[in-house]
Protein chains: 2
Amino acid sequence: MIGYVIGRILLTEAALLVLPAVTALAYGESLRPFLLTALLLVAVGLIMGRKKPIRTALYARDGFAVVALAWLLMSAFGALPFVISGDIPFYVDAFFETVSGFTTTGASILTEIEPLHRGILFWRSFTHWVGGMGVLVFVMAILPMTDGHGMHLMRAEVPGPSVGKLVSRMSDTAKILYGIYLVLTVIEIVLLMAGGMPLFDSCIHAFGSAGTGGFSNRNLSVGAYDNAYFDVVIGVFMLLFGVNFNLYYFLLIKRFKDVFHSEELRAYLGIVAAAVIAIAVDILHIYGSVGKSLRYAFFQVSSIITTTGFATADFNSWPTFSKGILVVLMFVGACAGSTGGGVKVARVVILVKSSLADMRKMLHPNAIATVRFEGKPLTERSVRGVHVFISVYVLVFAVSFLLLTLEGFDLITTFTALAACINNIGPGLEVVGPMGNYAQFSPWAKLLLSFNMLVGRLEIFPMLLLCAPSIWKRRIVRQPSR
Amino acid sequence: MIGYVIGRILLTEAALLVLPAVTALAYGESLRPFLLTALLLVAVGLIMGRKKPIRTALYARDGFAVVALAWLLMSAFGALPFVISGDIPFYVDAFFETVSGFTTTGASILTEIEPLHRGILFWRSFTHWVGGMGVLVFVMAILPMTDGHGMHLMRAEVPGPSVGKLVSRMSDTAKILYGIYLVLTVIEIVLLMAGGMPLFDSCIHAFGSAGTGGFSNRNLSVGAYDNAYFDVVIGVFMLLFGVNFNLYYFLLIKRFKDVFHSEELRAYLGIVAAAVIAIAVDILHIYGSVGKSLRYAFFQVSSIITTTGFATADFNSWPTFSKGILVVLMFVGACAGSTGGGVKVARVVILVKSSLADMRKMLHPNAIATVRFEGKPLTERSVRGVHVFISVYVLVFAVSFLLLTLEGFDLITTFTALAACINNIGPGLEVVGPMGNYAQFSPWAKLLLSFNMLVGRLEIFPMLLLCAPSIWKRRIVRQPSR
């Protein structure tokens, strides 16, 4: 069953290579990188998925394994066009770049982006779009699958503490999500073109904001255009893609009350507003005018909290207070159920609310306090889930941090590079600042950071559980998963 | 009742001022700073504790209030000798220095330590010794108190996730703990003197290591002596004072098995050994010889993990890997029930073990896994306690970090200054490195850091709960606390 699903995913990836191939054709570039990779994907995909499984049920641990393996293989194959085209000759670099693309991190090892082939640049940004909503969700949307196993896959791939079905059938839910995603992306492309951005650049930046990825086709990122209209459009769309997609569905079916009463949305917008104002005041003396400060502050806050990573200004040279806010926002991240990364606003809200309740309980041990989140009482189980997430997150971060200090970069570079990768942001500070890149890291550090990007994108557990020996054991007696 | 206990504590502080006063007398210095402060303490103490309360029971929330208020008032009065003597003329600076002393942090605003009066230097370091084991524990040891309220006080003041009585009576437990503490301190003084250190210096450094504080009477800290014997003695004693004191009691009553099977002790020593070897290898190229590298690495690891903060080398100039290890150790901290600060090894062990169990549970949802710690099954309640601690700790850290970035120091200074204060260590990196100090911070940042030192020393909750409005309300109906 696992082989079958992964086979399907690889075939899907082959199909997705058609778009960059068309782009390459349009610009008169060689089709070889995409054709060779697609052929290889089709071959491997057909071999892996050659027999339809008898039992189509998937257990929780299989869900983790499928998701983790799928993302690893997709990245391993997705790196090939970079190598074949010669744009990124070293395979580990290409793998890093592809993982960074699919996980919507946007961290790059390229010092010069502009000389790349157009088809390759398109593929590089298209991985953001594919990875943003999730490849498995995509496969579920287009392939007929029974609901039984879909839920486990979706739970493992969609960011956030809890995943609900919007409609009774899993595949319909996936179709609705991808529909909203596609429409929003197209609107952004149209708006960018309306402002005078070329079609190619508009696609690249729309993919980057839709997946909250952050790859640009310009060395200076969005800052290269120095255009207030683009800044506002991309800034607003990054924010929109950082919102829980369920809310857009509620808007469509006119359940406006659910949207306006969403605690997570309110917290998210509140944090953004507070951060924008604080930073704008802090950088006022650099840019002189209030308008300019607000514009740069808004774009950067939106880019960092949604974990996109586009830049219009070199925030590495901003005052410590602004940098401090951005570092904290790196960890907060976007809303659950969005394409953004990080810890997620929902988890932060649950953490704050349950901590306050715990402290009230210390003062009044006999008082019964129910904590509510999104209108429902917060169960002990979901609080526990958030605690476990944060604990494992901190442990993974600490171990990775120690390993990464071996590279010998300064502590800020080390810390923010890791934070930018595990939270799927892209740029950090100092060496990996918005005007820097990851080229100076050693190959094994690039692999470590790739692992952390996948850890962050798949919400930690699938990647860690893939390292557990027992997931690889043949199981004779299968227990029902729940 | 609260007033009565705090009155007693202030009277005790007045009594403790006799020792520095004697020192001042011995060196022919003015007694004024100590006499005036002691008189004030006696006056306020007598007024507050003038009527013996009718009801001597203390509730959980009263325990928090007593501890938090006691530490604030002790520091507020304890700062007076610095101001009166003229050694630290500005009151906020003196308050910072005293909080730093009592909380055994060892962070200093002094750029020059050596010109201070001898009596003042003695008082500065003596606060470490008093704060290390806890003032309330001391009061419990010397004053007759019923057991009912003692437990709540002890729980709020002794570091670590759980406090057990060693013997059936609380005051006997407190006496045993202080007895061990005193004996170990005297042994260290004797050993230092045997190596040729003057009596005064020996006392200062023994107080600093016993309380895991870190104030020295030399600008270069322990490095001023450049003596391998002193390094080893102080390094070993810092480690010893970072061990749970219950284990020494077990040694005394010959329960050796409990000591050798202590999981926390093993984890603590394991972390120390691994860190010493890793750092020694990393700094080998700086110091040339293996012996010297091991000596500096051992001293610094011992100093940081026990949150003492003595220095023999400028670790700010060590390679990033070594600095990274030290930064991680800053958060790990010493054993529960020791005089050290930080998160505590016990909590880290519980966190790692319960996280691994949670991940196993994801793979095998039906398996029943009991996690054991120190031979006993880990209850859901104690895991929850650790999670709540870590959550609130992270939240307090994030908010304080943002406020502290307003000072405009670089991010490493800001981050490590806060880490060094909340974990009660003292030195951080860069501006607040082992050769730097906290003099450049603004008065309000010093107050913020003082708050964080108290938050760290009292294990977060007492200080935070003191800010809760409901703790200040008059209660008409009293509920039994448990």
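The values are calculated or read from the model by the stated rules, or taken from the named source; none is laboratory data. Since the structure is predicted, the reported quantities are computational estimates derived from the model, not experimental observations. Methodologically, a virtual Cβ is constructed for each residue, glycine included, from the backbone with ideal geometry; neighbour enumeration extends over all protein chains shown. Calculation scope for accessible area: heavy atoms of the full protein, side chains included, ligands and nucleic acids excluded. Shrake-Rupley method; radii C 1.70, N 1.55, O 1.52, S 1.80 Å.
Going by the conditions given, is B:Arg347 surrounded by fewer than 18 Cβ atoms within 10 Å (Cβ to Cβ), within 12 Å of another protein chain (Cβ to nearest Cβ) and in a helix (DSSP H, G or I)?
no
Just checking, does the stretch B:369-377 include any residue being modelled with pLDDT of 90 or more and either assigned to a loop (DSSP other than H, G, I, E, B) or more than 30 Å from B:Val236 (Cβ to Cβ) (or both)?
Within the stretch B:369-377, none of the residues are modelled with pLDDT of 90 or more and either assigned to a loop (DSSP other than H, G, I, E, B) or more than 30 Å from B:Val236 (Cβ to Cβ) (or both).
Does the stretch B:39-48 include one or more residues that are outside any helix (DSSP H, G or I) and in contact (Cβ under 8 Å) with a residue 12 or more places away in the chain?
No, because not a single residue in the stretch B:39-48 is outside any helix (DSSP H, G or I) and in contact (Cβ under 8 Å) with a residue 12 or more places away in the chain.
What do you reckon, is B:Gly342 assigned to a loop (DSSP other than H, G, I, E, B), within 9 Å of chain A (Cβ to nearest Cβ), open to solvent by less than 60 Å² (accessible area, probe 1.4 Å) and in contact with a Phe, Trp or Tyr (Cβ under 8 Å, 6 or more places away or on another chain)?
Against the criterion (assigned to a loop (DSSP other than H, G, I, E, B), within 9 Å of chain A (Cβ to nearest Cβ), open to solvent by less than 60 Å² (accessible area, probe 1.4 Å) and in contact with a Phe, Trp or Tyr (Cβ under 8 Å, 6 or more places away or on another chain)), B:Gly342 does not qualify.
Of the numbered conditions (1) within 27 Å of A:Met1 (Cβ to Cβ); (2) open to solvent by 10 Å² or more (accessible area, probe 1.4 Å); (3) among the polar types (S, T, N, Q), A:Thr111 satisfies every one except a single condition; which is it?
Answer for A:Thr111: the failing condition is (1).
Those residues that are in a helix (DSSP H, G or I) and touching a residue at least 24 places away in the same chain (Cβ under 8 Å), I need them from the stretch B:84-97; list them, please.
Hits for the stretch B:84-97 are B:Ile84, B:Ser85, B:Val92, B:Asp93, B:Phe95, B:Phe96, B:Glu97.
The conditions are (1) open to solvent by 10 Å² or more (accessible area, probe 1.4 Å); (2) within 14 Å of the chain's Cα centre (by Cα); (3) of a type outside the set (A, V, I, L, M), and A:Lys323 fails exactly one of them. Which is it?
The number of the failed condition is (2).
Quick one: in the stretch B:297-310, of everything that is in a helix (DSSP H, G or I) and of a type outside the set (Val, Ile, Thr), which residue is farthest from the other protein chains (Cβ to nearest Cβ)?
If we take residues in the stretch B:297-310 being in a helix (DSSP H, G or I) and of a type outside the set (Val, Ile, Thr), then B:Phe299 is farthest from the other protein chains (Cβ to nearest Cβ).
Within the stretch B:472-480, can one find any residue that is at pLDDT below 90, over 26 Å from B:Gln300 (Cα atoms) and in contact with a His (Cβ under 9 Å, 6 or more places away or on another chain)? Reasoning before the result, please.
First, the residues of the stretch B:472-480 that are at pLDDT below 90: B:472-480.
Subsequent filtering for residues that are over 26 Å from B:Gln300 (Cα atoms) retains B:472-480.
Filter again for in contact with a His (Cβ under 9 Å, 6 or more places away or on another chain), leaving B:479.
The answer is yes, given that some residue of the stretch B:472-480 is at pLDDT below 90, over 26 Å from B:Gln300 (Cα atoms) and in contact with a His (Cβ under 9 Å, 6 or more places away or on another chain).
Go through (1) of a type outside the set (Lys, Arg); (2) within 26 Å of B:Ile422 (Cβ to Cβ); (3) away from chain A (no Cβ under 14 Å); (4) buried (at least 16 other Cβ atoms within 10 Å of the Cβ) for B:Ala24 and report which single condition fails.
Result: B:Ala24 passes all but (2).
Would you mind finding the one in A:Ala313, A:Ala336 that is at pLDDT below 95, in a loop (DSSP other than H, G, I, E, B), under 18 Å from the mean Cα position of the chain (by Cα) and away from every other protein chain (no Cβ under 14 Å)?
A:Ala336
Would it be correct to say that B:Ala280 is crowded, with 17+ Cβ neighbours inside 10 Å, modelled with pLDDT of 95 or more and under 16 Å from B:Ser338 (Cα atoms)?
Against the criterion (crowded, with 17+ Cβ neighbours inside 10 Å, modelled with pLDDT of 95 or more and under 16 Å from B:Ser338 (Cα atoms)), B:Ala280 does not qualify.
Exactly one condition in (1) under 22 Å from the mean Cα position of the chain (by Cα); (2) more than 10 Å from chain A (Cβ to nearest Cβ); (3) open to solvent by 20 Å² or more (accessible area, probe 1.4 Å) is not met by B:Val371; state its number.
(1)
Based on what the data block shows, is B:Ile84 at pLDDT 95 or above, among the aliphatic types (A, V, I, L, M) and open to solvent by 10 Å² or more (accessible area, probe 1.4 Å)?
When the stated conditions are applied, B:Ile84 passes them.
Out of everything in the stretch B:374-392 that is open to solvent by 50 Å² or more (accessible area, probe 1.4 Å) and within 17 Å of A:Arg384 (Cα to Cα), what residue ends up being farthest from the other protein chains (Cβ to nearest Cβ)?
Restricting to residues being open to solvent by 50 Å² or more (accessible area, probe 1.4 Å) and within 17 Å of A:Arg384 (Cα to Cα), the top hit is B:Thr379.
Would you please list the contacts, defined by Cβ atoms under 9 Å and residues six or more apart or on different chains, that run from a residue in the stretch A:7-30 that is more than 17 Å from A:Ala76 (Cα to Cα) to a residue that is of a type in the set (A, V, I, L, M) and not in a helix (DSSP H, G or I)?
Matching pairs, first to second residue: A:Ala21/A:Leu31; A:Ala24/A:Leu31; A:Leu25/A:Leu31.
Restricting attention to the stretch B:1-21, report how many residues are over 14 Å from B:Gly49 (Cβ atoms) and surrounded by fewer than 17 Cβ atoms within 10 Å (Cβ to Cβ).
1
When only residues in the stretch A:72-129 that are hydroxyl-bearing (Ser, Thr, Tyr) and over 18 Å from the mean Cα position of the chain (by Cα) count, which is nearest to A:Leu448 (Cα to Cα)?
Filtering the stretch A:72-129 for residues that are hydroxyl-bearing (Ser, Thr, Tyr) and over 18 Å from the mean Cα position of the chain (by Cα), the one nearest to A:Leu448 (Cα to Cα) comes out as A:Tyr91.
Please name all residue pairs, on different chains or six or more residues apart, with Cβ atoms under 8 Å, provided the first residue is in the stretch A:350-367 and is more than 18 Å from B:Glu459 (Cβ to Cβ) and the second residue is crowded, with 20+ Cβ neighbours inside 10 Å and modelled with pLDDT under 85.
A:His364/B:Arg61
Can you tell me which of A:Gly78, A:Gly63, A:Gly45, A:Gly131 is within 19 Å of A:Arg8 (Cα to Cα), of a type outside the set (S, T, N, Q) and within 14 Å of chain B (Cβ to nearest Cβ)?
On inspection, the qualifying residue turns out to be A:Gly63.
For A:Phe451, only one of the following conditions fails: (1) open to solvent by less than 30 Å² (accessible area, probe 1.4 Å); (2) touching a Ser or Thr at 6+ places or on another chain (Cβ under 9 Å). What is its number?
All conditions are met except number (1).
Under 6 Å between Cβ atoms, at least 6 apart or on separate chains: pull out the pairs that start in the stretch A:401-415 with a residue that is under 16 Å from B:Leu326 (Cβ atoms) and end on any residue that is not in a helix (DSSP H, G or I).
Close Cβ pairs (under 6 Å, with a partner that is not in a helix (DSSP H, G or I)) amount to A:Ile412/A:Leu429.
Condition (residue is of a type in the set (Gly, Ala, Ser), over 25 Å from B:Ser221 (Cα atoms) and either out of contact with any strand residue (DSSP E or B) (no Cβ under 8 Å at 6 or more places or on another chain) or facing another protein chain (nearest Cβ under 9 Å) (or both)) applied to the stretch B:400-418: is it met by at least one residue?
Yes - at least one qualifying residue is present in the stretch B:400-418.
Of the conditions (1) open to solvent by 40 Å² or more (accessible area, probe 1.4 Å); (2) more than 12 Å from every other protein chain (Cβ to nearest Cβ); (3) of a type outside the set (Gly, Ala, Ser), B:Leu395 clears all except one; give me its number.
The failed condition is (2).
Take B:Gly78 and tell me if it is closer than 30 Å to B:Ala224 by Cα, crowded, with 23+ Cβ neighbours inside 10 Å and in contact (Cβ under 8 Å) with a residue 24 or more places away in the chain.
When the stated conditions are applied, B:Gly78 passes them.
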